[in-house]
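In what follows, a structure is listed as structure tokens, so that the remarks can point back to it.
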Amino acid sequence: MRNLSFPLLVLFAVVATGLFIITPRVLKAQGDYILGPEDVLEITVWSHDDLRRELPISLEGQITFPLIGEVKAGGRTTQQLEKDIAGKLADGYIVNPQVTITVSEYRSQKFFIMGEVQKPGKYDLAPGTTILMAISIGGGLTEKAAPKRITITRENGGMKKKFRATMETLVQPGDAIIIPESFF
């Protein structure tokens, strides 16, 4: 029994440390993320399981929630939407409602990956996506890829800018990632 408890203790420490390091990034990403059409939200009103919903944001940027009807979600953060829904629910429906919203599917923001990847195309962009993650989403590099010459074309203020990227570069909405072919 004693021989088994040490490996379990080590495993627990590794998992707990990983959660401690990852969780703040995920929470920050959710709080900063601007919601848009086709994102899917998970909405929870604490102590009211009958109001728990998973809802897509419409193309007009709206969601429809029980008791309060249509609510503007597009162009806002999850925190702003939580306050709005809580305020509307508090207006005659629920005393001191505690609303939590998470994005269960990021679909409104896209990036493009082209060139020497297995599956070039347009993909949904989640907060914190790096070039390395984008390559993975695109099925990985081909044998002909030149990973040290990756470029991104990014629109900024109406102007397109092309620059070199590393595997750690963060992908932004609308980025076009180009993986060139190696010379050899």
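A short reminder: the numbers here are calculations on the coordinates, not readings from a lab. Predicted model only: the values in this text are computed from it and were never measured. Every residue, glycine among them, receives a Cβ derived from its backbone with ideal geometry; neighbour counts consider all protein chains shown.
Annotations
- The calculated FRET efficiency for Asp32 paired with Arg107, based on their beta-carbon distance and R0 = 25 Å, is about 0.90.
- The phi-based Karplus calculation (6.51 cos²θ - 1.76 cosθ + 1.60; θ = phi - 60°) puts the 3J(HN,Hα) values of segment 164-181 at 6, 10, 10, 5, 8, 4, 7, 7, 10, x, x, 4, 10, 9, 10, 9, x, 7 Hz, whole numbers, x for Gly and Pro.
- Sites Glu155 and Phe184, calculated FRET efficiency, Cβ-Cβ separation with R0 45 Å, nearest 0.05: 0.85
- Residues whose amide H comes within less than 5 Å of that of His48, counting only those at least five positions distant or on another chain, are absent (H built at 1.01 Å from N in the peptide plane).
- Lys-Lys pairs in segment 84-184 that are eight or more residues apart or on separate chains and whose Cα atoms lie under 17 Å of each other come to 5.
- For Glu155, distant residues with modelled amide H under 5 Å away: Lys161
- Theoretical gain in end-to-end length, Leu67 to Lys83 [0.36 nm per residue, Cα-Cα removed]: 4.2 nm
- Cβ-derived FRET efficiency at R0 30 Å, Glu54 paired with Lys119, nearest 0.05: 0.65
- Extension gain from Ser136 to Gln98, taking 0.36 nm per residue of separation minus the Cα-Cα distance: 9.9 nm
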